[in-house]
Each structure stands twice: as C-alpha cells, then as structure tokens.
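The values are calculated or read from the model by the stated rules, or taken from the named source; none is laboratory data. Keep in mind that this is a model prediction, so the values were computed, not measured. Cβ: placed from backbone, ideal geometry, glycine included. Neighbour counts: every protein chain shown.
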Amino acid sequence: MPSYEFICRECGAPYEARLSMSAYASGEGRRCPACGSANVERHFTEVSVLTSSRGGSGGGSSSCGGGSGFT
Ligand SMILES: [Zn+2]
C-alpha cells in the first residue's frame, strides 16, 4: 500500500497516510489527523530521484511491480 504525504491547508500540519489507490481516489483517509479537515494538499517529496549518479542508461533492476496486489 503506497504512502502519501499531505500538508493540511487549514492548520499546515504535514502528515503521511497509507492509502489504497481506491481510498486515495475517493478521498477517504485524506483528512488531516490534527484538525480533521479534508482541505489537504498532496505533498510530493523527492524520493529515489537522482539518488544514484551512476551513468547507466538502460540497466537497472525493474523490480517495481506495478499495480498487482490491490484488492
Ligand atoms: Zn489540519
């Protein structure tokens, strides 16, 4: 289950929520745990981007299995 980071627009509290794709799409679980507001903004963090500066185009392990496992 992917985790998403949000920032509440009401109180400004950042938080992380693990949501299924369907829950995320429907907006469930996106409420701020601090104030309960649903007025939250998705916060994108730079993860695993430009972490490896090894010049290897085309190589790498594609172990990122997409979408399987969501019920
Ligand atoms: Zn809040």
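Say we look at region 1-34 and pick out the residues that are touching an Asp or Glu at 6+ places or on another chain (Cβ under 7 Å) and of a type outside the set (Phe, Trp, Tyr); which of these is surrounded by the most Cβ atoms within 10 Å (Cβ to Cβ)?
Out of the qualifying residues, it is CYS32.
Being under 15 Å from ARG42 (Cβ atoms), within 13 Å of the chain's Cα centre (by Cα) and either more than 16 Å from the ligand (Cβ to nearest atom) or in a loop (DSSP other than H, G, I, E, B) (or both) is the filter here, so list the residues in region 6-26 that pass it.
ARG18, LEU19, MET21, ALA23, TYR24, ALA25
Filter region 1-38 for residues that are of a type in the set (Ser, Thr, Tyr) and without any contact (Cβ under 8 Å) to a residue 12 or more places away in the chain and give the result.
SER26
It is to be established whether one or more residues within region 16-38 are at pLDDT below 65, more than 15 Å from PRO2 (Cα to Cα) and among the charged types (D, E, K, R).
No, the conditions are met nowhere in region 16-38.
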